[in-house]
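Report on one structure; see the data block that follows.
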Amino acid sequence: MIFSRAKRVLFLLRTYNDIDHITPVIWKTVTSGWPTFFLFVDKDYSEDYRIRFLEAHGAEKIRSISIEWYYKRVRNSIPLKLLQKVVDRLVAYSVGFIFVFCRGIDVIASEWSGPFGRARSEYFLRPAHLLQIPIFSLPHGY
């Protein structure tokens with residue numbers, strides 16, 4: 001019998017609605033024994049009761065301080081949108097790559113909002129694609 005190690009799963013959470021519909025999936029992942037991480041790619045909902053519930057069951061909140069710093073402090077000061085997109089890609093393929101690779105992420109799950117997501121999702125989805133890490137979309141209706 002061949003056993004494989006548990007996959008390290010990263011959930012990208014952007015909105016309140018994402019938390020609402022992805023929480024059961026995160027909970028099932030945690031209770032199945034997989035190392036489970038979540039990252040807020042926009043607003044921080046750490047005080048939400050569902051997030052506290054997930055943390056109590058073993059899900060771990062992680063952050064990329066350097067990507068947060070770039071996104072909040074530097075990105076908006078880049079004058080041209082085209083230049084901003086170029087720098088976004090450089091940050092994704094350098095800082096994001098190191099973040100995803102060094103944490104040994106095996107799977108990423110996110111709500112559907114385009115191939116590279118919204119807000120800071122791009123900085124994690126682009127390197128995951130480059131590393132051939134499976135990315136799952138968990139869409140929800142409005």
Segment residue 52-residue 90, extension gain: residue separation times 0.36 nm, minus the distance between their alpha carbons: 10.3 nm
Count neighbours as other Cβ atoms within 10 Å of each site's Cβ, and list the GluC sites (Glu not before Pro) in region 37-142 that are DSSP loop with at most 13 such neighbours. 47
Can you give the calculated 222 nm mean residue ellipticity of the chain, where each DSSP H run of n ≥ 4 adds -39,500 (n - 2.57) and the sum is split over every residue, rounded to the nearest 500 deg cm²/dmol? -11000 deg cm²/dmol
Treating cross-link reach as a plain straight distance, find the aspartates and glutamates whose alpha-carbon is under 14 Å from the alpha-carbon of residue 43, omitting any fewer than eight places away in the same chain. 18, 68
Mind ranking 93-106, 5-18 by how tightly packed they are, going by the mean number of other C-beta atoms within 10 angstrom, highest first? 5-18, 93-106
Counting pairs of alpha carbon atoms under 8 Å apart in space and at least six apart in sequence, what relative contact order in percent does region 2-120 give? 37
Looking at the chain, what % of the alpha carbon pairs are farther apart than 28 Å? 17
Using a Förster distance of 30 angstrom, determine the FRET efficiency expected from the C-beta separation of residue 60 and residue 119, and round it to 0.05. 0.90
Can you compute 3J(HN,Hα) from phi for each residue in region 59-67, using the Karplus curve 6.51 cos²θ - 1.76 cosθ + 1.60 with θ = phi - 60°, rounded to whole Hz and x for Gly and Pro? 5, 10, 7, 10, 9, 10, 4, 5, 5
Between residue 4 and residue 74, what length in nm is gained on full extension when 0.36 nm per residue of separation is reduced by their alpha carbon distance? 21.1 nm
What is the sum of charges, Lys and Arg at +1 and Asp and Glu at -1, for the other residues whose Cβ falls under 15 Å from the Cβ of residue 15? -1
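Any read-out appearing in this document is the output of simple, stated calculations on the displayed coordinates, not a laboratory observation. Everything numeric here is computed off the predicted structure, so don't read it as measured data. All Cβ positions, glycine included, derive from the backbone under ideal geometry; neighbour counts span all protein chains shown.
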